[in-house]
Amino acid sequence: MDLIELILRGLQNARFGEDLGDRREYVGASDVGQCPRKAVLEKFSDEPQDLATLFRFARGHIAEKLVFQALEDQSDKLPRWRYQKEVTHRTHPFKAHIDFLFTTRQELGVLEVKTCDGIPSVPYDGWVQQLHFQMGLIKDRNPDKAVRGAVLAMDLNKGQVSLFNGYEYSSELYEGLLVKAKHIWDCMNDQSLSPRTEKSPLCAWCRYRPDCPAYDQDEEIPSLPLEKELEEYLGLKEQLKDLKDAIDKLADMFKAGIENANPDGDSIRVGENVVRRSVRTRTLIDGRRLQKDLPDIHAKYSTETTYEVLVVE
Ligand code: SF4
């Protein structure tokens, strides 16, 4: 008996989350939040998911349950809320299962829970598209209420959580997403149509990548089994952005502290240290103008160097 194999089989048969019905009969908000080609192929695939994908599903389910338990515990401080609220379009087979829906007399609040490896500094496009589609469907059903939304991103490994808040229903964005949903639906029902491709960093994990027309299939590229390392690399890059934001924020706080505490000076004492505001000067050359006004000088003092970057497609 291969225990790992048994676990894989068991997970493949497991249900994560609520019963979402037959996903071939409608276009969901999560379909709209991803590449149309991937969304369509996923609907009709009988190929079992691999362990990494199953773990990602399970991770999402666990995160939702954690939030559910926390909200249930604090319910007396919250407006009325529902978990996994289904909302459908009036005329088209479009649906969303909203993770958490908060209701007040004037307002509806949509909360989408996402898990990730390393919380990004800004939410991914797909998350935002999914949220706007959910807000649009809710607004259709509740035209008199204001509709707002947020994405709660959780990194379960690192114990980090971040709320991307302040999204509002936008008829313009919703209309655009309805067009995308219709395109997915048309492709689901007419095999002669080719769903559009939407390239993104997520292509790195897409199982339909090998024959994807968005990539040059004739190019022979050797494979390396480094999926986990690539995921870690992308997560760390996101953290680097966060780190820079956090450093900039703290630097601004110290500068404001010096401004308030020592308006005539340039420093403050923090414990044993002195934090000083120091003005430096640098000279910048406007290369474009120099090239335009004095092309000979520009050519004489310019050198072209090449450097290497890593691009993940
Ligand atoms: S590889 Fe990228 S563009 Fe191609 S189907 Fe997958 S997600 Fe879409």
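The values are calculated or read from the model by the stated rules, or taken from the named source; none is laboratory data. Please read these numbers as outputs of a predicted model, since none were measured by experiment. Neighbour counts run over all protein chains shown; Cβ positions are idealised from the backbone, glycine included.
Couple of notes before you dig in:
- Here LEU243 passes the criteria (1) at pLDDT 90 or above; (2) within 37 Å of the chain's Cα centre (by Cα); (3) of a type in the set (A, V, I, L, M, F, W, C) except the one numbered (1).
- Within the range 28-59, tally of residues that are outside any helix (DSSP H, G or I) and either of a type in the set (Phe, Trp, Tyr) or within 16 Å of the ligand (Cβ to nearest atom) (or both): 7
- Single residue of the range 179-198 satisfying the filter (surrounded by fewer than 14 Cβ atoms within 10 Å (Cβ to Cβ) and small (Gly, Ala, Ser)) that is farthest from GLU313 (Cα to Cα): SER192
- Close Cβ contacts (under 6 Å, 6 or more residues apart or on different chains) running from residues in the range 195-206 that are closer than 16 Å to PRO225 by Cα and touching a residue at least 60 places away in the same chain (Cβ under 8 Å) to residues that are assigned to a helix (DSSP H, G or I) and near the ligand (Cβ under 8 Å from one of its atoms) comprise CYS206/LYS38.
- Number of residues in the range 143-165 that are under 19 Å from ARG105 (Cα atoms) and free of Cβ contacts under 8 Å to residues at least 40 places away in the same chain: the value is 3.
- With respect to the conditions (1) within 9 Å of the ligand (Cβ to nearest atom); (2) more than 11 Å from VAL40 (Cα to Cα); (3) out of contact with any Phe, Trp or Tyr (no Cβ under 8 Å at 6 or more places or on another chain), THR197 falls short on a single one, namely (2).
- Subset of the range 199-208 that is part of a loop (DSSP other than H, G, I, E, B) and surrounded by fewer than 15 Cβ atoms within 10 Å (Cβ to Cβ) - its residue that is farthest from the chain's Cα centre (by Cα): ARG207
Residue by residue, here is whether (1) surrounded by fewer than 21 Cβ atoms within 10 Å (Cβ to Cβ); (2) assigned to a loop (DSSP other than H, G, I, E, B) holds:
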residue	(1), (2)
GLU112	no, no
VAL128	yes, no
PHE133	no, no
PRO143	yes, yes
ARG148	yes, no
MET154	no, no
ASN157	yes, yes
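- Look at (1) assigned to a helix (DSSP H, G or I); (2) out of contact with any helix residue (DSSP H, G or I) (no Cβ under 6 Å at 6 or more places or on another chain) and you find that LEU290 fails only one, number (2).
- Residue in the range 84-102 that is part of a strand (DSSP E or B), in contact with a Pro (Cβ under 6 Å, 6 or more places away or on another chain) and surrounded by 12 or more Cβ atoms within 10 Å (Cβ to Cβ) present: yes
- In the range 54-87, the qualifying residues are those that are in contact (Cβ under 8 Å) with a residue 60 or more places away in the chain and not basic (Lys, Arg), and the one that is farthest from VAL32 (Cα to Cα) is LEU66.
- Some residue of the range 180-188 being within 16 Å of the ligand (Cβ to nearest atom), within 14 Å of the chain's Cα centre (by Cα) and part of a helix (DSSP H, G or I): no
- Look at (1) closer than 29 Å to CYS187 by Cα; (2) at pLDDT 95 or above and you find that PRO123 fails only one, number (2).
- Residue match in the range 278-300 (condition: hydrophobic (A, V, I, L, M, F, W, C), closer than 30 Å to GLU227 by Cβ and either exposed (fewer than 10 other Cβ atoms within 10 Å of the Cβ) or touching a Leu at 6+ places or on another chain (Cβ under 7 Å) (or both)): no
- Of all residues making up the range 58-101, the number that are among the small types (Gly, Ala, Ser) and within 30 Å of ILE184 (Cβ to Cβ): 4
- Residue match in the range 230-251 (condition: away from the ligand (no atom under 16 Å from the Cβ), of a type in the set (Phe, Trp, Tyr) and in a helix (DSSP H, G or I)): yes
- Taking the conditions (1) more than 16 Å from the ligand (Cβ to nearest atom); (2) touching a helix residue (DSSP H, G or I) at 6+ places or on another chain (Cβ under 9 Å); (3) of a type in the set (Asp, Glu) in turn, GLU5 satisfies each one other than (2).
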